[in-house]
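What follows is a single structure, written as structure tokens, with notes after it.
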């Protein structure tokens, strides 16, 4: 309970912080391009995924809200379901070095193996520039990008901000809704929601 309380307080404190002010990502506009290395040293850019749907999942393995979605296997199921459909799924770690949630390549690969995670790649954004360009504020903060490169969803993964594993069942999953609607050539009914989770621990300047 103490961890959740501290996490929540830090997130609330960040709501008025810099990442939102620096954000370039806007619903209906071209998503900010980026190039990042993954946990295996391979470079990925958003531009190279043009023509495919892309999901960006901001990650902090120490966050209880993230743990809920991984310990319940919800995140892994989503990753497999949609990557099998051709969606590019990037898990992004924007925690600064020495801060909570910071992953080295070795730790990222270990986490992926231990949790059975199957994203396209875990991208390491140590400087936090990509996270700030998207206005990513929480873990997990989710974004969906269309094959044309347009941002079509930004916000929470679902509508239940509890850390209980059981809360995954029956929750409305906004990412699933956005992907399914867009992949069926329908408009996304709810393109923006308020993210919940732990504040992203960006590197201090």
- Hey, what number do you get for the chain at 222 nm if only DSSP H runs of n ≥ 4 count, each worth -39500 (n - 2.57), divided across all residues, to the nearest 500? -8500 deg cm²/dmol
- Debye calc, one equal point scatterer per Cα of the stretch 49-165, no solvent, log10 I(q)/I(0) at q = 0.12, 0.17, 0.20, 0.22 1/Å comes to -0.39, -0.83, -1.17, -1.42
- Once you sort the root eigenvalues of the Cα gyration tensor of the chain as a ≥ b ≥ c, which label holds: rounded (a/c under 1.5), prolate (a/b larger than b/c) or oblate (the other case)? rounded
- Query: Once you sort the root eigenvalues of the Cα gyration tensor of the stretch 116-205 as a ≥ b ≥ c, which label holds: rounded (a/c under 1.5), prolate (a/b larger than b/c) or oblate (the other case)?
  - Reply: oblate
- Note on the structure: For 97-108, 146-157, 53-64, 172-183, ranked highest to lowest by mean beta-carbon neighbours within 10 Å, the order is 53-64, 146-157, 172-183, 97-108
- If you take the square roots of the eigenvalues of the alpha-carbon gyration tensor of the stretch 53-100 and sort them as a ≥ b ≥ c, do you get rounded (a/c under 1.5), prolate (a/b over b/c) or oblate? oblate
- Using the count of nearby Cβ atoms within 10 Å as a rough guide to exposure, how do 115, 137 rank from fewest to most? 115, 137
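Since every read-out is calculated from the coordinates, none of them should be taken as a lab result. Because the structure is predicted, anything quoted here is derived from the model rather than measured. Glycine also receives a Cβ, built like all others from the backbone with ideal geometry; neighbour counts cover every protein chain displayed.
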